[in-house]
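Just below is one structure, and these are the notes that go with it.
Computed from the coordinates by the stated procedures, all read-outs in this text should not be read as laboratory data. All values reported here derive from a predicted model rather than from experimental measurement. Counting neighbours? That spans all protein chains shown, and the Cβs are built from the backbone with ideal geometry, glycine included.
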Amino acid sequence: TNPEEVEGQIDHIGIYLGQDSEGRLRFVSSRQSPDGPTFADIAGYSYFDTGTSLYARSMRTARRF
């Protein structure tokens, strides 16, 4: 945990890409581990449909452009 983080503050965004070849709801986002944007499953899954992953549990909102 980071002591400088404010609880409830949005500090991460991603872009929804759609379903992959296995039917998973994929997104691309910037992460510290690969040091940049990725949709690979590095340092966490890049899909929402598990219900147990960090991003599936902590997603707060979605915007459609």
Just want the ordering: Tyr16, Tyr47, from fewest to most Cβ atoms lying within 10 Å of their own Cβ. Tyr16, Tyr47
Once fully extended, how much extra length lies between Ala62 and Gln19, figured as 0.36 nm per residue of separation less the alpha-carbon to alpha-carbon distance? 13.9 nm
In nm, the gap between the two label points placed 7 Å beyond Cα toward Cβ at His12 and Asp49 is 2.0 nm
Return Arg64, Arg26 ranked ascending by Cβ neighbour count within 10 Å, so the fewest neighbours appear first. Arg64, Arg26
